[in-house]
Each structure stands twice: as C-alpha cells, then as structure tokens.
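Worksheet: the structure to be examined is printed underneath.
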Amino acid sequence: MAGDGGARGALPTEEPVLVLEHAQKSFGAVQALEDGSITLYPGEAHALVGENGAGKSTLVKILAGVHRPDAGRLLINGAAVSLAGPAAARDAGVSIIYQEPTLFPDLSVAENIFIGRQPTGPGHRIDRAEMRRLTREIFARLGVELDPNRPARGLSVADQQIVEIAKALSFNANVLVMDEPTAALTGVEVERLFTVMATLRGQGAAVLFISHRLEEVFACSQRVTIMRDGRFILTAPIAEVTIDDIIRSMVGRDLDALFPKTETQPGDAVLEVDHLSSQGVFEDISFTVRSGEIVALAGLVGAGRSEVARAVFGIDRRTSGKVLLAGEELPNGQPGAAMAAGMALVPEDRRQQGLVMDMGIDQNIALASLRRLSSFGLIRRSSERALAKTWAPRLQLKFGTLRNAVSTLSGGNQQKVVLGKWLAREPRLLIIDEPTRGIDVGTKAEVHRILDGLVADGMAVLMISSELPEVLGMADRVLVIREGRMTADLTRAEADEQTIMRAATGVSSEAA
Amino acid sequence: MTTQTARRPSGLMSSRVSDFLRAREVGIALLVVVIVVVTTVNNHHFADSASIQQMLTGASLIALLGVGETMVIVTRNVDLSVGSVLGLSAYIIGDLFKHQHIPAWSGFVVGIAIGAAVGAVNGFITTVLRVPSLVVTLAMLYIIRGLDGVIVNGKTIDPDVIPASFTAVGYKTVFGVPWLAIIVVVVVIAVGYAMRTFRAGRDLYAIGSNPDAAALAGIPIERRVFTAFVVSGALAGLGGALFLALHAQVDNSGGIGYELTVVAAVVVGGVAIFGGSGTVVGAALGALLLNTISQALVASKISAFWNQAIAGALLLAAIGFDRWLTVRLTKRLRSSEGAHRDV
Amino acid sequence: SSSSNNSNSPSTPSGGGSSSGTSIKSGLTVYYIPKDTQNPYEVLADKGGQKALSELGGKVVVSSGSQDTAAAQLPSIQAAIQANADAIVIAGNDPSALCPALNQAAQQGIAIVSFDSDITCGSSPNHLFINQANTQQIGTSEVDLLAKEINKTGQIAILSAAASATNQNAWIKYMKQQLTKYPKMKLVSTVYGNDDPATSLTVLQGLLSAYPNLRGIISPTTVGISTAAQYLDTHKSLLSHLTLTGLGLPSQMKQYVHDGTVKAFELWNPSDLGYLAGYAAASLASGVTTLSPGSTFKAGTLGTYKVLPPAAGTGPSVVLGPPTVFTKANIDQFNF
Amino acid sequence: MSDVSTDVVQSQVPAPAPAERSVQTWWRGLARWETGLFVVLVAVIVFGASESSDFLQTSTLFYLGINVGYIAIMALPMTFVVMTGEIDLSVASMLGLSGATVGLLWHHGWGIWPAFLVALLVGALGGALNGVLVAKVGLPSIAVTIGTLTLFRGLAEILLGSQTVPGLGDRSFPASLTKIGVLPVSGTQLSYSLVIFLVLAVVFGVVLHATPLGRSMIAIGLQPEAARFAGIGVNTIKLGLFVVSGVLSAFAGILLTLQNASVSYSAGIGLELNVVAIVLFGGVSIFGGRGTILGVVLSVAIVGSLQMALTQMQVQPEVQSIITGILLLISVVVPNSGEAVRRVRETLARRRARI
Ligand SMILES: Nc1ncnc2c1ncn2[C@@H]1O[C@H](COP(=O)(O)OP(=O)(O)OP(=O)(O)O)[C@@H](O)[C@H]1O
Ligand SMILES: Nc1ncnc2c1ncn2[C@@H]1O[C@H](COP(=O)(O)OP(=O)(O)OP(=O)(O)O)[C@@H](O)[C@H]1O
Ligand SMILES: [Mg+2]
Ligand SMILES: [Mg+2]
C-alpha cells in the first residue's frame, strides 16, 4: 500500500502506462522474485534500487518477456498481457537494456541495433544507408561517435553498453527499461544519457532505470522503488526520501552488520606486484598485499581490474613487470605455478569461470585440489567427498546432496562453492573478483564475514568490487584503477565515496 | 569535444577493417588467379578458354552444395548429408527418366523436392528435438546412402535413357560459359544477395554469432535454422540433377565422400566453422580453388600421387591464412576501442 | 607367357589334358564376393554365376560390402567360411589384404576362385584366376586398336581406375610393352579416376589441358571410358584429333558408338565370365578338376577349358576367350 | 559484465543446446544410456542367434574382433578428444599413412620393429601437427583435421603409390606377427586386436573416470574457461590428446597391416566417420564433457555383432548402413526427447497465452 500511496502522490492525473503486480519467479532452488511490483507513469523517470540479488534484473526480464512470472499480473496501458517472448514485449512498446550486453560480435554496430527490424526499402530489401543514418542519428543524440559499420567484435565493455543504449532508444518505445546502464560509463557519458532520458520523458515515455549509484537516482529520477530479497518494499517520490532512508530499506539492517570488520595488524608482504603491464589493457600497476589485510581494487566496470587479477594469477600473460608471492617470483602465464605458490583466484563470473555448472558440488570443490586428493594417480573418492563435507558446513552451504550439480544451487550458494574450492587449498593469498555479484543480501553478509575471518587468521586478500559500500566496508586499503592505470592508493581512513569516484572517473563526482 | 578528437581513429579504423573483411573473398580469388598463372607458365594451355570452362564445370557441383552448407554453418550447424542426398536424387531422377519418361525440366523439380524433403527432416530433428546437427546429419548420411543403395541395387542409369535436353545442361555453353556454371553462379548470387539484404538472411548470421542474444532479439531461431537445412537439402538435390546432367549416367556411387569436400571448400572460403560470418561467394570461390588446385596438379604434369597431399597442405594453409586475418582484424578493432574513454 | 595361343576358344573343345572322371556334386554353395554389391559390371557376372550353379543344382550367395574396400569384403569371406561354403568366387579390392582370410577358407577345403581383379597371394591360398581375357592380349589389343585409329602416331594417355587396382596395373604393364612396337606413339601420362565419374572427369580435364595435342586415350575401365565418352560427345570439337578406346559396357557405350564419338572398344561378356567362374568353382569343389596346369573342366554352354600354367605374377588361370571388339556393326546385338 | 565482453571476443565456442546443459537430463540420460546400450546389445545377440545359424559359432567372436578391433582402438582416443569438445577426423588417414610407412620401409629392407617404431613416430608427429594447430594456434579442430585427413592420405599415396607391400620380390611380413590376422589369442576366441582394445579400454576407462587427468578432460569439455581458472592446462591436455590419437591410429595401422599381412596406401580409407559414429553411439556428447568408456565399448560390441549377424544372414550391406544411421539417431534423440516434449508444450502454452 505504501507503493500505491506513493504512486498516487506522484502523478494522480495520468493513467499508468505499465503496472506489474505481485510477480513471482524462482529458478530451481532460488526464489529470485517473491513479490515484484512496480507502476510506471508516462513521462516519469523511475529508479529501481536494491542490493545485488534483490531481484531487479529478474523483474526487468519479466517486463522484457524473457522470463514468464510464476505468479502475478502485468498490465500495459491498462490491459492485462502475458508476454510470449522478447518480441512480444517490444511490440507492446517496452524496450530494454539488459544488464549484460547482448551483442552479435560478427555483425556491424548498426545491424546490432536494428537486427530483426532493419529499415527496408522496396521489396523488403534492407536499406543499409538508411540504417547507418539512423544509427548515426541515435549516436548523435547520445553525443558519442562510433562507426556504424564496424563489427561489434572487440568493442570495449563501455562501447558495448553504448550500443545497447542506442538499441533501446531506436525502438522509440513508450516504456524504456535500463538495467544498470551507467555501470560502465564515465561521468560525461552518464550526463548525456540523462539528457536523453529527459527528452524521452518530454515525449511522454516512461523510463525505468536500475542503478547502484544512489547519487544518480537523486540526480535524475522523480520516483524510486526499493526492493529487498525479491520483495517490493516501497515506492516514493524522490523528494520525500533521503539517501539514508533508501539504504535502510534496501539493506533492511544497518550497514555494520553487512560489513563486519575486525581490526587486524597487517603482517609482512605476501603479494608484491611490480610495474605490471599488459599491452592495451593496463599499464604499470604496482602494489603490495600483506597478510592479514584486505586490499580492494576499485574502479568502473571495464577499468581493467579483472585483467590485473587475471595477469597476477597467470590466466593472461603479462607483457612486462614482476609478480612475487612470498618473495618468490612467479612464472608468466602459469596459473598452476601461482596455485602451487599459494595463490587462489575467485573469478568474477562464477557461471563461466568459477564453476563447472554440470559437475557435482563435491567435484567442483575438489577440482582445484585433485592432485592432493589422489594416491597412485587415482582420485580417492572418499577424500573427495570428505573435503566437500568439511567445507559445506563451514560456509553454511544450503544444498540437497553434495552430488547435486552446482547449477541447481542459488547464486549465493554457487559463490560459496567457488570460495570453498579455493579455501580448500588453504592459500596464502586470496584474490576475489566481485565477491558478492548477484548474491542476495543475507549471503552477502555471510561472505563478508567469511572474508573477515580469513584475514583475521592472517590470510592476505585482494578484493575487486564494483560496489562502493562493499569496498568501503571491507577494505583496509583501496587501490583505484581507471583506464588500466592506477589513479589512487588510499588507506581505510582516506577512502570515501567522493575520493574513490573521482579517482575512478577522473571527473569531480558532482558531475556523476 | 575531447571525445570527438579521441574517437576519430576508430572511424579511421573501420575503412581498414572493411578492407580486411573484403580481403577474405579477394584473397581466395587472388589465390585462384595465382595458381592459374603459375600453372600457365609451365603449360600455356592451362589458361585456354576450354580449360577455363573445365575449371568452372569441375567446381560447380561442390560450389552449389557449398552455398547450402554455408547457410547451415553460418547458424552454427553443419550438414554432412549433402553427398548422400546428391547421390539419391541423381539416381531417382534417372530412374524416373528411364521408366516414367518424365520431361527433362521436371528432373530438376524432382531433385529439388527430394533434397528439400531430406533437409526438412534434418532441420526438424535439429531444431525441434535440439539434437546436435553434426550427429543428425551424420546419421542421415548413412541412412540416405543406404536407401540409395537399396533403390539402385546394382542397376545403372545409362546415357541413352536421359533426354538430350537434360544432359545439354551439363555441357552446353552460352558465350563460352557452361550452363552448369551459370546456374551455380545464379544460385550463388541469389542466395548471397538474400543473405545480405533480407532480414531473414541477416538473422542467420545473428543466430550463429550469438544464439542467446538472437533469442533476446526475438529472432525465430528454430524457423530460420530449419529453413537453412531445407535450402541446403534442396540445393544438394538440385546438385543431384546437375550431376546426372553432367555425367549422363549414375549408379549408387554418386556423391560419395562429397560432404567433407564441401565443408572443406566452405571453410577455405572463409566461412567460420562455428558460425556468424562468411559468405556464399567465399564458399563458391573455395570450391573453385580446390578444383583448380587438383586440375592444376594434373596439368602441371605432377604425378597424380602428389595430388591429395598438396591439396591437403593447401587446405591447411588456407584455414591458417583465414585465421591470421581474423586475429589481426580483432587486434585492430580492440586497439581502436577505449580511445574515446579517456575523458 | 605364350598363353595367347594355347588359350582355349569356346568353339574348339579340347579333350587334351587330365580330367578326373567323377562328376560335379549337386547342392554346392558358392559365395560370390564382388568388389561391391552395386558394381553393375559384377552384378552381371554374379547373374552368370547364378545361371551356372542353377544348371549344376547348386546355389550362389552374393555377399560383399557397399564400398570397394578389402575391409568391406572380409566379413563376407568369414561368412562363407562359417557357412561351410564349397567355393568362393572373389573379385579382390586389394591384391593381398584378403589373402590371410582366403587362406583360412582354403584350409577349410573351400575352393578359391578369383575373377575380374586377381588376388596375389602366392601359394597361400592356391587359387584359380578366371581371366576375362588373356592379360597380355588385353594390353596389346587395346594399344593395337588405338594405333589403327590414330595411324600409329601421336601422344596418348591412359585413364585408369584406382592406382592400386591389380588388373588395371597388369594391363597397363602390357600396354607399355606393346607400345614399344609403335615408336611414333608416345604414352605421356597415366591418370587415376578411382572409378568415380567426378574424379575421372576432373583428371580427364586436367589431362586435356596438360596435353592439348593428345591424340588418343585408353581407358581400361567402364567408368573411365564412359565418363570420357560423355565428355567427348559433349565437346565434339575434340573428336577431330582425339580418339578414345578402352574397356566398356556396350549398354553404357551404345549411344557414343552410334553417334561416332567412339569407334571401337572392347569387352568380354561379364555374365559369361561369372558363368565360367561358377563352373570352375564347382569343378574344383567337386574335385572334377585341379589347379595343376593342363587339367580341364567343362563349362556348360561355353565348352571345355584348360588350366594354364602360372605366369609372371598370376597363378594358375583359365582365359574366358578373346575380348569382343564392339563397333557400330555389332554393338546392338549385346544386351549387357 | 566483462565475461560478456570476453564472450564477444571468443564467440567461437559452440553454445550447447539447453538440453545439453541441464544436468538432471544428463544423469538420467546417461544412466538410461549405458543400460539402454546393454539391452540393445543383448537384443542384437538374441536376434543374431535366432536369425543366423552360424552366429553362435565361436569363430564369430574371433572374426568380430578382426573386423572391429583396430577401429575400436581408434575410438578410444577419439572419445577423449570428443570429451574435450574437439574432434579428430584424420584418424583413418593416419592409419593409412602409418601402414604405408611400414610398407615402404619394409620394402626397402628395414627390420619390422624399426619400421613399426618409425610408423608410431609418424603417428605422434601427425597428432602433434593437429594438436598444435588446434590447441596452440586455435584453429577449429573439425576444419584442421579435415585438412590433415587429406594430407595424411596424400602422403600415404606418395609413399606407396600403386604398389602393394609385400609385392613381387618383397619379403613377406614375419609369420610370427601376421598370425594375429588368422589366430586368436591362444586359449581364447579373441583376436589380438580385440584383446589389445579391451586392455586399452580398461586403461582409458580408469584414466577418464578415476584420475585427475580424466576429471580435467571432463571439466574442459563442460566449461573450458572454468577449467582454465582451476589451473588446468587446457591447451596442453588437448595437444596431448591429439598426439595420443595420432599414435594409436598409427598403431591401428600397424595391426591392420599385420592382420592383412600386407598394406596398400588406401588401407582404412573412409573409416573416420565410422569411428566418430561409434563414439557418439556410445553416448559421448559431441559438445564434450559427457560419456563413458563403457558406453563406447558397448557401442563397439553392438556395431560389431550387428555386422556379423547381418552379413551371415546375407542382408544387403546398404540395409546395414541404414540401421547404423537409425541407431545413431536414436542414440541422440532419446536422451533429448523428454526435454523436447517439455519445450514443445511450453511453446504451445505461450502460443495460447498470446491470444
Ligand atoms: N537464471 C537464473 N538461475 C538461477 N538463479 C538466478 C538466475 N537469475 C538470477 N538468479 C538469482 O536470483 C536472484 C536475483 O537475481 P537478479 O539478477 O534479479 O538480482 P539483481 O537485483 O539484478 O542483482 P544485481 O544488482 O547484481 O544485478 C539472485 O540470487 C540470482 O542469483
Ligand atoms: N571483449 C573486449 N574487447 C575489447 N576490450 C575489452 C573487452 N573486455 C574488456 N576489455 C577491456 O579490458 C579492460 C578491462 O575490462 P573488464 O571489464 O574485465 O575490467 P574490470 O574492471 O574487471 O570490469 P569488471 O568490473 O567487470 O570486473 C577494459 O579496458 C575493457 O575495455
Ligand atoms: Mg541485475
Ligand atoms: Mg572484472
């Protein structure tokens, strides 16, 4: 009812263009969405906020016709509809920017934008010139200059995001949904995007956008809807709420509980990275991680943090520079050697990099320790299961049986399996990339508690995170990377949102 | 402002990029020319009009099958049944000529129909049952070939039962260009044009390039892939008709082992084996290249025994060359990126 | 060898040589194992064999693979052994690969007869080769045939089947021998079409552009000659200076002979070949005849045949008779 | 997000169909699969026994071994290669090349063992060529091995040309060795090639199902990137597997040469697809990561005995290939059918929803 109240308060006169009521969606074990509700009015910019895993993207995908809700009702222009697929949503006037870019590497940028509905001339022939013209037009509106003829292959994360936005705009839809469109953009591009949003609203379109950057929410939206743990919490005019209100409703508890932090005395250096460079991705990165401390790599998505981590661990070859673990220099491009030396990397994308989704929980946990688990070259099944049995409870893993494939687990529990896999090796240094991406709020706190415990026991942790609260809450030191260069090295005391944002974007954060 | 200036290189890049893209077809065409020239040097008759005609004729069947194969491969599938389909259609057409005395033109219709039917089966099993097409079409390769054998059962179709007007297609020329080549070129142009200029055609590339994204874009993946298989089958069936027209006789051995040759031609033609890119023109050129090679070897009086080995080596070289192009292309593209982002 | 004179022509039955009196057993089972079950030429031969065995109150089992490989023939030999067949009549896809299996069969008392393409197993097993026509005679007569038409001068080439085909290579050997008699004729190249129309066409085309003033082509294989004939028929301009001959099936060549594309070519009657093989196999299986040179046996309507002594390469053999030369004049009398 | 970008960079990885992804269908499918194969095998044997009077002769087992033994040996490394999501179409040509090598060296008076050694070496080199091009250069294996399929066969043709070894004037191969073509292993009815296959099968089975290497191969097949992040040397393993494939194909070539007591360049021509068919019919997923050696062994047994039975029954060879094809189809359709039905229902539901 809070939602309805807020809605009526905002624009009483108009009819809502889109209404989603009590939508539910679950994926196997995971209840991604328990009560997704939202109301959009013509001409409004509506922010949707919530922690990772709150169910925002799931809700978006329901509006997009990608997921069919298990329950709930969707009204577009007052009429109840059931979307048969993405196309249906588009026809209903809803256009989406997904959180993950969905581009065709082999097709030209222009074609990526217009695929399936290219402008056609006589005889249904595709009018390429027209397609290019339209593309340029949209890019002009966005104030970016990207060659429409160039294939999408090799586009940077940011450029991919821009193409996605252009695609969404090209529909001239009356509902535009953007799932974290700004995550990969720099301040200037963000501003431009907001200007475009303004014009769209002027034309009477409703814009729903998701962002983890609350200042953006305040900068450009009229109303905000808050979600937590897959449930609708409230909708309110932006004027009537403060940042603290929002955070409180998002998290449902105070931040301290979410970011437990024991004060530890850092020991001696475990990881020393010395003038590390990788052609075209990052330049001259140097830093040290000591035992008993968490060092955070902050920066915008696409800044090159993961690449740094990958190069340190040996997944990618470095073009120059040294990596020393406990004083020993590591060979270039050999994850095996890094592991042997006591390094572990929890990658950012658990579905592709972290886990073999169709393998059992036990087998995934064992995957990095197979040698240790085998005698006479044969894997000891008993020890394999024992390993899983010891780590599952320690990580408070929720599962059916340890033989179940990890694909049956919830995102958070999947992340725990990845953690278990690496902690089972008792590493000296744990590199953890986006530790809580797509993990629901409860699990998130647990993961943080686990990390805290580890450093308390003297492990060294290098954490990459796109979420400032996490960085601020967990890190002893914060390194900021922008465009593959290190732009700041801050102590826990020095680090705050402004400084980090400034270092990450290179523009004063008032702009963003 | 800053972004503008910074972005210019990426615009500049694209011209080079498109050059690279064109280079694929051009590269193969050049290779063909080079081989012809080199061969002509030590045998100046190799460039005779007759000899050129022979090259075109010799390549046309594989090129035709290559067109259909390209459509399938572009969608991240593969069709291994084309050889068997060609054999079956060729014999059935001949058999109809022999016993039903059907008119010449209907021979082509029958061939296309048979092929399309098999293609439909391939397409159905692959799309509806979601079975990897490699397995499906491998199985169909055996089944159709077996069926062919059961039907043929040691009989042959002899030249005298085939209408002259039908076999004419196999050798008559217009302004020195063999009918066979003309038909294939027409097909290549038609399909090539369609795949370039109609939405459905572009969908094929999208599907092969990123299936998940294709689904999100609301592309009817099943229908498109199905169509690709039907066309591939139909062209293989047409190939059967042309085979019969060309050789004026057929037993059970028509088209045996063509499947791998066709895939080879397509790959040499610069079609990415895992889908998303490549053109039928390239595929046709690939077929021409392979055929030119084997004829050049005979014409250069190289012992027949060397033929295969050299063909194999050149095939590997072609694949490697194509890869080299792609890698360089990607490198350029990557380095062109990011420039605009230092605000 | 001098076998061309002592080869028996059906017309002159000879009583000479040893022939054990006992008569052919009835109820014999003979396995015919052609190169593959589809090869039209051998389908005719198999029919001949069936005719022979039905005359003798026995039965023929035709068994082989669907491709021309030794591997595909092996199971058929094994089946013959397991079925305790009385004789095997085989056209080898490979000269030696089948020897071990055939030798086992022989040790089980199965009579081994080879036709069309001989197997070279030395003495294990000893077997009788039914020669479609004296090997040397085929080689020489082909060359003579061509020589007559291109009046003994010019470049010539051979379009053969698979490079590893025994019979082809044997004939080619004798062709080269015979060519020494025609100093003005020059064999410039031998190409292999693997009995596949498409391949044959490609190599033929290569041949023509490699040797533009080629005067003659000999193609001692049915697929080769018919492919070449079709090509010449459709490129009449070539006929002015190019002559084609070789071994072909009248049914396939009829049209080309009538429209003058091919003046003359040779073959023997494949069903006669199978028929003869059938009688040979039955006689051996019944002990009516032996492999020893000079021993004879009756081959039904074809008359009596005498086993020829081993000669270079081939073991004991009988020769069907001189090949028939087909021309406009006689081709219509033949139905195969 | 950056995983999407990498996805953009290397979209060459074929996306498995959803059915392939869902693990339940996999376990159930697999469980059903081996048992299914076993049932089929029993059926074939019963069928053979009842339809063919000769089927139950002990010699049937021996001949079966002679016919499929050497092919089955190539199926083992093929299983591994397919496990890791690749394919090797050059095996049959390598078999021919190895045989040709032995033949040529023997023809030139070499001893048999040195000849074998060189042949195996050739196998290793050929396999390494495939491996380097696929694992190091990153070319698609299906394209590469089509190329080497032609290349290897071509080399074999260059080595032996039209000659068969032993030809006139050649020594014949040592009888002590060629006996493997005519005599079973003493005391059994099993051909040497079959025994070797069975022994190798045990080894391969243990490696695949009980060793870190095997587990790594499965991981590579299921999720190459995750394997890399777990410190598994993906490319090194793939390279190694291609080498093994080359060596064992060469070994199969040696066995075939001895079984036939002779060799010509065309030995084993066109067998590659049969090998692939056997592996796939054995329940190994073409996308990698799924399948068992047991399945492959059963598949070999089925294909072998079916061929014996049908040949004994004098069934046209063409019918045999039809049956092979149908079996192959069934082998992939059955595990997917449940999934398919579900999906079709869903689609229909949506259709209805639309109106
Ligand atoms: N396809 C899926 N299969 C299983 N679980 C899923 C799937 N998609 C999402 N989830 C789970 O559902 C929950 C909500 O996911 P969702 O992506 O909607 O969160 P979100 O609010 O978008 O988070 P973020 O802010 O990180 O994007 C998470 O626990 C996630 O792990
Ligand atoms: N597919 C790609 N093609 C070209 N450049 C890329 C690609 N992916 C990433 N990059 C570049 O590599 C650098 C790092 O990208 P990446 O997204 O991994 O950084 P990141 O900081 O780890 O982001 P995330 O927050 O997702 O971890 C960026 O400069 C990006 O532009
Ligand atoms: Mg999200
Ligand atoms: Mg990252």
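Here C:Lys25 is the anchor, and the aspartates and glutamates within straight C-alpha reach of less than 14 Å, apart from those fewer than 8 places off in the same chain, are C:Glu55, C:Asp86. Each Lys and Arg contributes +1 and each Asp and Glu -1, all at the Cβ; summed about the Cα centre of region A:147-208, the dipole is approximately 180 debye. Between the helical axis of C:135-149 and the longest alpha-carbon principal axis of chain C there is an angle of about 20 degrees. Size descriptors for region C:222-304: radius of gyration and Dmax over Cα atoms are 18.9, 58 Å.
Short-range pairs are left out: with C-alpha atoms under 8 Å and at least six residues apart, the relative contact order of chain C is 24 percent. In straight-distance terms, cross-link reach from B:Lys172 covers every one of the lysines whose alpha-carbon lies under 21 Å from its own, apart from those fewer than eight places away in the same chain; here that gives C:Lys236.
Let me know the shape class of chain B, please: from the alpha-carbon gyration tensor, a ≥ b ≥ c as square roots of the eigenvalues, rounded when a/c is under 1.5, otherwise prolate if a/b is greater than b/c, or oblate. In terms of gyration-tensor shape, oblate. Each Lys and Arg Cβ is given +1 and each Asp and Glu Cβ -1; about its Cα centre, the protein assembly as shown then shows a dipole of about 1840 debye.
Put a dot 7 Å past the Cα of C:Thr153, heading toward its Cβ, do the same for A:Asn77, and the two dots end up 9.2 nm apart.
Simple rule: put +1 on each Lys or Arg Cβ and -1 on each Asp or Glu Cβ in the protein assembly as shown, find the dipole, and look at A:Leu63, A:His275, A:Ser382; the Cα lying farthest toward the positive end is A:Ser382. For A:Lys56, a cut-off of 20 angstrom between C-alpha atoms picks up these lysines, skipping any fewer than 8 places away in its own chain: A:Lys25, A:Lys444. Expressed as a whole number of Å, what is the distance separating the alpha-carbon centroids of region D:120-165 and region C:254-304? After rounding, the separation between the Cα centres reads 44 Å. Roughly how tilted is helix D:58-83, in degrees to the nearest 10 and between 0 and 90, from the longest Cα axis of chain D? Computed tilt is about 50 degrees.
Once Lys and Arg get +1 and Asp and Glu get -1 on their Cβ, which of C:Ile24, C:Ala311, C:Asn103 lies farthest toward the positive end of the dipole of chain C? It is C:Ala311. In this simple spin-label approximation, C:Val325 and B:Val128 carry label points 7 Å from Cα along the Cα→Cβ vector, and these lie 6.4 nm apart. Pairs of C-alpha atoms in region D:302-349 farther apart than 11 Å represent 72 percent of all such pairs.
Ranking B:Ile73, B:Gly119, B:Thr326 by how far each Cα lies toward the positive end of the dipole of chain B (charges on Cβ) leaves B:Thr326 at the top. Too long at a 32 Å Cα-Cα cut-off: which of C:Lys35/D:Lys136; B:Lys98/C:Lys263; A:Lys61/D:Lys136; A:Lys261/A:Lys398; C:Lys35/C:Lys173? Exceeds cut-off: C:Lys35/D:Lys136; A:Lys61/D:Lys136.
Placing +1 on each Lys and Arg Cβ and -1 on each Asp and Glu Cβ, with no other charges, gives region C:235-336 a dipole about its Cα centre of roughly 80 debye.
By the gyration tensor of its Cα atoms, with a ≥ b ≥ c the square roots of the eigenvalues, what is the shape of region B:226-322: rounded for a/c under 1.5, prolate for a/b over b/c, or oblate? Oblate, since a/c reaches 1.5 and b/c is not below a/b. Taking Cα atoms only, the orientation of helix D:23-51 departs from the longest principal axis of chain D by about 40 degrees.
Can you give me the Cα centroid spacing of region A:324-389 and region B:84-110 in angstrom? Going from one Cα centre to the other spans 61 Å.
When DSSP beta bridges are restricted to pairs lying wholly in the protein assembly as shown, around 45% turn out antiparallel. Only DSSP H runs of four or more residues enter the estimate; each adds -39500 (n - 2.57), and after division by the residues of chain A the mean residue ellipticity at 222 nm equals -10000 deg cm²/dmol. Name the most mobile residue of C:Pro125, C:Pro293, C:Pro212, meaning the one with the largest mean-square fluctuation, in a Gaussian network model of chain C with Cα contacts below 10 Å. Maximum fluctuation in the GNM of chain C, among the listed residues, is at C:Pro212.
Under the classification rounded if a/c is under 1.5, otherwise prolate if a/b is larger than b/c and oblate if not, where does region A:240-307 fall, given a ≥ b ≥ c as square roots of the Cα gyration tensor eigenvalues? Oblate is the answer for region A:240-307, as a/c is 1.5 or above yet b/c matches or exceeds a/b.
Bear in mind that the values in this text are calculations on the coordinates, not laboratory data. Here the structure is a predicted model, which is why all the values come from computation and not from measurement. Cβ atoms come from the backbone with ideal geometry, glycine included; neighbour counts cover every protein chain shown.
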